[in-house]
1. Would you mind counting up the charge near residue B:133? Only other residues with Cβ under 15 Å from its Cβ, with Lys and Arg at +1 and Asp and Glu at -1.
2. Relative contact order of segment A:2-232, please, whole-number percent, based on alpha carbon pairs below 8 angstrom and at least 6 residues apart.
3. Counting Lys and Arg as +1 and Asp and Glu as -1, each charge on the Cβ, what is the dipole of segment A:314-354 about the Cα centre in debye, to the nearest 20?
4. List the chymotrypsin sites (Phe, Trp or Tyr not before Pro) in segment A:190-288 that DSSP assigns to loop (not H, G, I, E or B) and whose Cβ has at most 15 other Cβ atoms within 10 Å. Which are they?
5. Positive end of the charge dipole of the protein assembly as shown (Lys, Arg +1 and Asp, Glu -1 on Cβ, about the Cα centre): tell me which of B:128, B:85, A:67 has its Cα farthest that way.
6. Run through the DSSP bridge list for segment A:114-272 and note the antiparallel percent, rounded to the nearest 5.
7. Could you tell me what percent of the DSSP beta bridges with both partners in segment A:1-110 are antiparallel, to the nearest 5?
8. If the only charges are +1 at each Lys and Arg Cβ and -1 at each Asp and Glu Cβ, what is the size of the charge dipole of segment B:42-250 around the Cα centre, to the nearest 20 debye?
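Bear in mind that the values in this text are calculations on the coordinates, not laboratory data. A quick note: this is a predicted structure, and the numbers were derived from the prediction, not measured. Virtual Cβ from ideal backbone geometry, glycine too; neighbours counted across all protein chains shown.
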Amino acid sequence: MLEARIEKGFAERSGSAAFDLSVELAVGDGVTALFGPSGAGKTLTLAAIAGFVRPAGGRISLNGRVLFDSESGVDEPARNRRCGYLFQNDTLFPHMSVRENLEFAGHGLDSAELHRRVEEAIERFRLGRFAARRPEQISGGERRRSAIARTLIRRPELLLMDEPAQGLDVGLRRELYCTIEQVRREYRVPTIVVTHNLDEAFSLADHMLLYSGGRIIQHGSPREIYNRPGSAEAARLLGIDAVFDGEAKGVDEAAGLTRLQTSEFAIEAAFVAVNPGERVSFCIRAEGVVAVPRNGSIPERHAAVRLRRARQEAEQVRLDFVENLSAVVTRETWAEAQGAEDWTVEIPVEAVWVFPDGRGGR
Amino acid sequence: MRSRSTAWFSCGGADARIQPPAPRIIRAVTGLDLGAVDWFPLWLSLRVAAIATVLSLAIGLASAYALAHGRFRGRDLLESLLTLPIVLPPTVLGYYLLVLLGRSSPLGEIYESVFGGPLVFTWQAAVVAACFHAVPLLVRAARAAFESVDANLENAARSLGASEWRVFRRVSLPLARRSIAAAAVFAFARSLGDFGVTIMIAGNIPGRTQTMSVAIYDAVQSGDALLANALAAVMLALALSVLWFIKTAGTERAY
């Protein structure tokens with residue numbers, strides 16, 4: 001169990017704005033993703049936990065062991081923290097073979113135990129074919145596996161991974177996720193993964209901390225956060241652009257509905273406890289919106305919208321409308337629409353999410 | 001202090017002294033009898049430069065690593081002190097060293113009580129003089145080399161349980177090795193050539209403290225062009241081989 005409170009500020013300098021990190025996190029078993037845009041402080045958090053960066057204030061403890069405490073002046077050096085760290089680039093030592101890299105990590109173990117662990121790592125991570133080679137002589141995927149194996153030789157109590165899939169193509173990415181899954185199964189070491197890729201957070205993590213501007217603005221499982229973003233900011237970080245400000249017009253507790261009114265339109269959402277007249281902000285999730293090409297009259301409960309652009313995705317087509325709404329349609333629907341610009345949309349109650357943080361604000 | 005110069009070599013012509021089996025061709029072409037040249041200054045210079053290079057490597061690597069990584073009090077002061085010899089005229093440097101290390105100075109007295117003799121006007125003083133040229137050179141090159149080592153590699157080593165000394169010895173130093181080796185060869189060459197500081201604190205005592213540069217000066221002063229040419233040619237050859245070595249060493253792989 002890692003418990004950390006980390007404060008660190010950077011004054012404004014040429015080329016970079018002032019930045020201030022202030023986060024509090026508790027990380028237990030399984031994989032925790034730190035998700036957020038670049039420059040939100042994710043990597044800095046990782047570096048502070050590992051002991052590469054000294055926080056200005058706060059406290060970090062791992063399984064009851066105090067690693068850092070600004071009040072009592074404790075600052076364990078990185079070598080004593082028992083945190084494995086996987087860097088964006090593999091940081092295998094270029095002047096050593098893969099095997100020597102593993103042996104480097106086992107320094108201080110007695111030679112029989114060192115040998116046992118190195119052999120075990122070579123076997124588990126399938127490094128045998130190239131263990132005698134230098135990092136420059138092996139492929140990116142092999143390097144990544146070797147680097148992961150190296151972090152585990154010392155049996156860390158916590159594994160820190162900084163954008164582990166950076167620079168890997170799709171196939172190697174899948175292989176990496178399998179390897180991380182394997183680590184989780186065989187070594188059962190709590191892991192923190194920094195990522196700015198939502199799909200990666202979904203495939204790897206049980207738990208997610210949403211970072212923005214040096215703060216953690218939400219935490220929960222990736223699915224929970226994606227389905228129930230806490231604020232307009234969180235929604236934007238998750239790629240939901242259809243965010244609106246409005247006013248609660250009334251609630252119908254019996255029907256489980258809340259009526260919302262923006263300056264442009266009225267809409268119904270699932271029941272939330274708000275008073276009529278209260279300001280609210282909410283988002284409309286593209287996945288829930290039903291869109292059909294306009295064909296003469298506008299069907300009941302539908303509204304007319306105008307297509308701004310269509311984005312082809314692997315399995316579906318995402319439509320962005322001029323009204324700041326988005327919808328997802330199948331490739332077939334898109335093909336049949338033949339590039340139509342006029343559409344109608346129905347927005348079911350489930351597609352509307354009122355932010356808990358947005359109520360009464362602004 | 002000079003100059004028995006003409007006494008310890010003979011210059012071609014009708015000299016009837018016993019001829020050692022020196023290259024007769026050189027003698028025929030240049031008229032210089034290499035066998036009769038006193039090569040003491042060359043051996044002294046090589047010895048002084050070798051010891052100075054080793055000492056400077058120790059001092060230079062430690063300072064460079066500290067400057068490249070450390071945030072400590074007096075960092076700027078250390079950096080300035082290490083750069084000073086580059087901008088200070090050698091004679092000024094030599095003069096201050098003479099004051100600082102002379103027999104009546106506290107440092108000089110400490111040296112004398114430890115080693116049983118004064119430092120100034122010995123070949124060891126020439127080593128000190130050479131160090132003042134080699135150290136700044138090594139510090140600058142080694143610092144750049146250390147700073148070019150990916151800091152993540154060093155942090156990776158730390159997170160793998162390596163002490164700072166182990167990080168230095170197993171990661172930073174091997175990765176910076178090539179640039180440092182080139183700098184050491186460079187420093188060796190530079191150590192061979194000091195004149196100003198050496199003449200101030202080691203003097204020009206033939207057979208004891210007379211290094212190559214000083215011997216060449218001496219030969220020119222006494223009008224012995226042939227000797228000056230011979231010694232200068234040796235120095236030129238050394239300098240060229242150093243450049244060749246750095247060039248070939250530098251074109252190999254980076255670690």
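1. Taking every other residue near residue B:133 into account, the sum is +1.
2. Dividing the mean separation by the residue count of segment A:2-232 yields 29 percent.
3. The dipole magnitude comes to about 120 debye.
4. In loop regions of segment A:190-288 (DSSP not H, G, I, E or B), the sparsely surrounded chymotrypsin sites (Phe, Trp or Tyr not before Pro) are A:265.
5. Ranked along the dipole, the leading option is B:128.
6. The antiparallel fraction comes to roughly 80 percent.
7. 100
8. 640
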